[in-house]
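Engineer: Encoded as structure tokens, here's the structure I'll be asking about.
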Amino acid sequence: MLRVLLPPNLAASAPRDAIAVKVDLDLSRPPSAEVMPALVILQRLCGGAATLPPFLQLTRAQLRELVVALKGQSVFAFVNAPQSPLLWIGPRLRGVSEHLDEAREPAPPPIRPTPVARPSVRPSNSTSSTPLTVDGSEHYLAISLPSREQSGYAAALDLVKSHGFTLDALTRKWWLRDRHKTLNFLAVHLDALRNTWHANFTDNFEKNTAKLAEADVQCDIAETAGEFTLTLGLNAGRVPEENLRTALATNRGYVEDASGKVYLLSPEKISRITAAQRALAGSATAPASARRTWRIPAARVAEVQELIDELVPHFQPPAAWKARSEALRNLSALAPAPLAPDHAALRRP
């Protein structure tokens, strides 16, 4: 269930593009298809954070986009009357849409000439484009948040606060000084920091984390006596399988081999591996396993190949497996069964 609670002073805060919005999201049940576009918008406004913060500060354009995505749905209310959903009048939300119109935006103030005798220093615009910056190593992290004017500032602030970072008042950096917490944080958020937040990683961080790697998906197929053996799990270099099992059982986000190389265990990747393992086992409650092997009958090859394509898109199976999979996917391409000439003459085409 999704509810968006608006401030009672909307008429005053909208012209300032400082609309404080409270988001109530209950994920105990899967969200309906009608609210999915709005959830995508909210995640984008939060910079791709895994969880939505309870409060967001939106501009008129951002709230207008959210209203359009939730057109006709009784999810909007004022925070001082949360049980009274706002009414829709066609495509417009009563008491809200009129404050979000572009026509109501105030004209910019006139530019006054600066007296020559008193040269003024205009503030730099560089802060408006300051990205989230990450420094540190496997032992600590120092994160500089983006400027407050950016829409992702509130989500970034919630990210560091919810993971035990502390603010250094002198440097204005958020610090995490614990190797275990640092590696767990990177296991969960490193990919999002790079590809969703588009964070700036310092040269110092890149040098200090050069020996960090992400555990990959292991997929091996072998043919035995007309059947196939499939092994599916995690590949973390020379890390013993027992160490991988312990990490999964204790929700630790990393493992380390004898040489000191650290492999991060992405929860998203582990979730996809677990889903594939459960599909192969035919059990929706099978626990996650570091590595598991199944005997795959020839009749299931095409079905299992679809799972592999989703999990490891570039995996190249053995020729026999590939031929069997393609044949089962396209039965019309199979060669006809050999028949004796006198028998073939008796059968219809």
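Engineer: Work through the residues other than Trp321 whose Cβ is under 14 Å from its Cβ and net out their charges, Lys, Arg +1 and Asp, Glu -1.
Structural biologist: In short, -2.
Engineer: Next question, about the same structure. What's the extension gain from Gln83 to Asp257 if we count 0.36 nm per residue and subtract their Cα-Cα distance?
Structural biologist: Going from the current span to full extension adds 57.1 nm.
Engineer: From the phi of every residue in the range 53-62, what ³J(HN,Hα) in whole Hz does the Karplus formula 6.51 cos²θ - 1.76 cosθ + 1.60 yield, where θ is phi - 60° and glycine or proline is x?
Structural biologist: x, x, 10, 10, 10, 10, 8, 4, 5, 5
Engineer: Another question, then. Would you mind counting up the charge near Phe78? Only other residues with Cβ under 12 Å from its Cβ, with Lys and Arg at +1 and Asp and Glu at -1.
Structural biologist: Its environment carries a net charge of +3.
Engineer: Run the simple label-point estimate for Ala169 and Arg194 please: 7 Å along Cα→C-beta, distance reported in nm.
Structural biologist: Modelled inter-label distance: 3.7 nm.
Engineer: Ranked by Cβ crowding within 10 angstrom, fewest neighbours first, how are Tyr263, Tyr140, Tyr254 ordered?
Structural biologist: Lowest count first: Tyr140, Tyr254, Tyr263.
Engineer: Quick check on the chain: helices-only [θ] at 222 nm, where DSSP H runs of length 4 and up contribute -39,500 (n - 2.57) each and the sum goes over total residues. Nearest 500, please.
Structural biologist: Roughly -9000 deg cm²/dmol at 222 nm, from the helical runs in the chain.
Engineer: To continue, here is another question. For the chain, compute the number of Lys pairs whose alpha carbons are separated by less than 22 Å, excluding pairs fewer than 8 positions apart on the same chain.
Structural biologist: 14
Engineer: Given the convex hull over the Cα atoms of the chain, what projected area results after averaging over all orientations, in nm²?
Structural biologist: 30.4 nm²
Engineer: Restricting to the range 130-209, what percent of DSSP beta bridges are antiparallel, rounded to 5?
Structural biologist: In the range 130-209, approximately 85 percent of DSSP beta bridges are antiparallel ones.
Engineer: Additional query: Taking the Cβ of Lys269 as the center, what net charge do the other residues with Cβ under 11 Å away carry, scoring Lys and Arg +1 and Asp and Glu -1?
Structural biologist: Cβ neighbours under 11 Å give a net charge of -3.
Engineer: Enter the mean projected area of the convex hull around the alpha-carbon atoms of the range 249-349, in nm², rounded to one decimal.
Structural biologist: The number I arrive at for the range 249-349 is 10.3 nm².
Engineer: Right, something else. Run the numbers for Lys71 and Asn330: contour at 0.36 nm per residue of separation, minus the present Cα-Cα distance, in nm.
Structural biologist: Extending this stretch completely gives an extra 88.8 nm.
Engineer: OK, next. Have a look at the DSSP beta bridges in the chain and tell me what percent are antiparallel, nearest 5.
Structural biologist: 85 percent
Engineer: Among Phe165, Phe55, Phe78, which comes first, then next, by fewest other beta-carbon atoms within 10 Å?
Structural biologist: The most exposed by this proxy come first: Phe55, Phe78, Phe165.
Every read-out reported here was derived from the displayed coordinates using simple, explicitly stated rules and does not represent laboratory data. In this text, all values refer to a predicted model and were calculated from it rather than measured experimentally. No Cβ is skipped: glycine too gets one built from the backbone with ideal geometry, and neighbour counts run over all protein chains shown.
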